[in-house]
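Data first, discussion second: the structure below is written as C-alpha cells.
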Amino acid sequence: MQESDPFMLFAAHASEAIPMAATDEYLDVADGRRVYWRKPRRDPYALACELQRLSAACRRDDTPALQEEYLELLARLREPADHSCEWIGTVADGRFRPAPDRFAERSPRMHQGPEGGTTQSFAESYASKVSVNVWLAARSMKRRALGLAVTEPGTRNRPALTQKRAIPG
C-alpha cells in the first residue's frame, strides 16, 4: 500500500522546506523558561482528507466547479492559522519540568500593567520568544530518511547532502 501525500511534501520537486501555517505545529519558549506547544485550531488531518478527496475528484471529473473548490482549499494552506496554545512545562536550573497536570490548566496566568490591570495568558505576553517549527523539522528529517533532497533555509540554490560523507583518516 502506498502512503498518501496530499500536501505533496515528499515529492521529488518539494526539496525546499516551506512552512505551512494550516498544518504546522510549534514549540515555543517564552522568556527562556515557559514552554508551550502551539498548533492550528483547524484539524490538519481533515484538511488533508478534503484535499485528497478533491484531488481524486478532479482527476475523475475535471469541472470548473471542482477546480475552483480545489484551488480555494489550496489557498487555505498559506493563510495565517488560528492557533491554540498549551503550556507543557518550564525550564529551570537547566532542566525541563513538565506542567503538573497539562490538561487541567491551559496556560499559567500573569497580571499585566500596574496594579495587576488585565489578566492574560503568559503565552500572549512575553519579552522574548523562540519558536521551533517542529513539523517542518520532522518533514526535513523524513525527506532525508527517504533519501530525498532537502534544501535548508537560507541555501535555496543548493540542496543539502542527503548521504553521509566518509571521514578521512
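Here are the numbers for this structure:
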item: All positions within segment 14-62 that are of a type in the set (Gly, Ala, Ser), open to solvent by less than 20 Å² (accessible area, probe 1.4 Å) and within 30 Å of residue 126 (Cβ to Cβ); result: 22, 30
item: Single residue of segment 63-90 satisfying the filter (among the polar types (S, T, N, Q) and outside any loop (DSSP other than H, G, I, E, B)) that is surrounded by the fewest Cβ atoms within 10 Å (Cβ to Cβ); result: 84
item: Residues that are part of a loop (DSSP other than H, G, I, E, B) and surrounded by 10 or more Cβ atoms within 10 Å (Cβ to Cβ), drawn from segment 91-102; result: 99, 102
item: Residues within segment 21-63 that are in contact (Cβ under 8 Å) with a residue 60 or more places away in the chain, under 18 Å from residue 82 (Cα atoms) and either of a type outside the set (Phe, Trp, Tyr) or touching a Phe, Trp or Tyr at 6+ places or on another chain (Cβ under 6 Å) (or both), tallied; result: 8
item: Selection status of residue 127, in a loop (DSSP other than H, G, I, E, B), modelled with pLDDT under 65 and either surrounded by fewer than 10 Cβ atoms within 10 Å (Cβ to Cβ) or among the β-branched types (Val, Ile, Thr) (or both); result: no
item: Meets criteria (at pLDDT 65 or above and surrounded by 10 or more Cβ atoms within 10 Å (Cβ to Cβ)) for residue 105; result: no
item: Flag for residue 57 being modelled with pLDDT under 90 and either of a type in the set (Asp, Glu) or assigned to a helix (DSSP H, G or I) (or both); result: yes
item: In segment 62-85, the residues that are of a type outside the set (Asp, Glu) and closer than 19 Å to residue 25 by Cα; result: 74, 75, 76, 77, 78, 80, 81, 83, 84, 85
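The values are calculated or read from the model by the stated rules, or taken from the named source; none is laboratory data. Note that this is a predicted model, so its numbers are computed, not measured. All Cβ positions, glycine included, derive from the backbone under ideal geometry; neighbour counts span all protein chains shown. Only protein heavy atoms, including side chains, enter the accessible area calculation; ligands, DNA and RNA are left aside. Shrake-Rupley method; radii C 1.70, N 1.55, O 1.52, S 1.80 Å.
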